[in-house]
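Report on the structure given below.
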Amino acid sequence: MNSLPGFEISHKPTEPGEVEISYTLPRDTPNVFIGLWNKFAFHVRTLINEVSQTRGRKTVIWDGKDDAGNPVGEGLFICRICIDGEVGDSQMIRLLATT
């Protein structure tokens, strides 16, 4: 999968146990998916699975929990963003322990 020109993804820790994920959509899109996988390639969380979003910069906060609401713990995770079911990008995210 190749990234679409103008498609960007970035992240930064906001506080221990949370990560802010920002992305830019170069066009209106009928579907946006953002998911997280652990280092063993097990899916841990779906952050966004929406029917449509408009172009521009968006932000979502990951609270460090899996889909069942359980804390996943400190470590490295893969964040995958797909638009229109085909164009996407991945980025490694480090989740820091809560205090």
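Which residues, counting only those in the stretch 41-63, are among the hydroxyl-bearing types (S, T, Y) and part of a strand (DSSP E or B)?
Within the stretch 41-63, T46, T59 meet the criteria.
For the stretch 64-99, enumerate the residues that are in a loop (DSSP other than H, G, I, E, B), without any contact (Cβ under 8 Å) to a residue 40 or more places away in the chain and open to solvent by 60 Å² or more (accessible area, probe 1.4 Å).
Residues satisfying the conditions are D67, A68, N70, E74.
Taking only pairs six or more apart or across chains, which ones have beta-carbon atoms under 7 Å, a first residue in the stretch 6-22 that is surrounded by 12 or more Cβ atoms within 10 Å (Cβ to Cβ) and modelled with pLDDT under 85, and a second residue that is part of a loop (DSSP other than H, G, I, E, B) and among the polar types (S, T, N, Q)?
P16/T98; P16/T99
Could you list, in sequence order, the residues of the stretch 32-63 that are open to solvent by 50 Å² or more (accessible area, probe 1.4 Å), in contact with a strand residue (DSSP E or B) (Cβ under 7 Å, 6 or more places away or on another chain) and of a type in the set (S, T, N, Q)?
N49, S52, T59
The values are calculated or read from the model by the stated rules, or taken from the named source; none is laboratory data. Just so it is clear, the model here is predicted, and its values are computed rather than measured. Heads up, the Cβs are rebuilt from the backbone with ideal geometry, glycines too, and the neighbour counts pull from every protein chain shown. To get the accessible areas, we keep the full protein, side chains included, count just its heavy atoms, and leave off ligands, DNA and RNA. Shrake-Rupley method; radii C 1.70, N 1.55, O 1.52, S 1.80 Å.
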